[in-house]
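*Asks:* One structure, pasted below without further comment.
Only the coordinates and a few stated rules stand behind these numbers; no lab work does. Everything numeric in this text was worked out from a predicted model, so none of it was measured. Positions of Cβ are generated from backbone atoms using ideal geometry, with glycine treated the same way; all protein chains shown enter the neighbour counts.
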Amino acid sequence: MPQFGKLLLRFHNPREPPDKPKVFQTIQKHLKLPLTRLREVGSGYNDFTEFESDVEKLVTQKATNKLTSIGLEARLPPKIRAQRSEVCRQTDSWIGGKSADELKQEITHHNPHLEVWEIIKFGQYTHVFKIEFVTINMASHALQHGILCKHVKIAPSQIQHKFIGILICFNCYKMEEHATKDSRTPNLTI
């Protein structure tokens, strides 16, 4: 059974949030994505989609522009960001020594079926970096087929994907017991 998708739509101005009918209409009419429900939370709306894969459609450039026009900003859940990310290891220093922007351009240029959202470098290390793709399917494709960058192949065996979901309460900081919304500890302010 597919899992529903959930995404935070943060208010630009919490004092003047867009009303629910306007949000439903904008997302359905302009993005062709019907939401199953909206739940107001302190900083915005949690939106729910029929499928988890639909969440990515709300962070495209077109969606970002439409949501901005009604005073909202989509915040991608960490789980989805992790699922569309891959770590490239044991790469040639000639590749890993390039800047994040250069790597992004090269990967996009040499792999027309892949689109890179962001490259994350790990300090001065030239043999390892992380690629966040625009979609989970692109990350899966890279993991299965490898990536061409500066005419050098990054083989599937050099690409690592490991995601471990951790349940944490950001109120009392207990792990694997309950989520923040289920915390019995009063809200802590720091």
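*Asks:* Pairs of alpha-carbon atoms within less than 8 angstrom and 6+ residues apart define the contacts here; what relative contact order does the chain have, in percent?
*Replies:* Numbers: 321 pairs, mean separation 32.3, N = 190.
Reported as a whole number, the value is 17 percent.
*Asks:* I would also like to ask the following. For K181, project a label point 7 Å along Cα to C-beta. Then give me every residue of region 1-39 with its amide nitrogen under 13 Å of that point.
*Replies:* Answer for this model: 4-9, 37-39.
*Asks:* Which angle from 0 to 90°, rounded to the nearest 10, does the C-alpha axis of helix 20-31 make with the longest principal axis of the chain?
*Replies:* Here the helix axis deviates by roughly 30 degrees.
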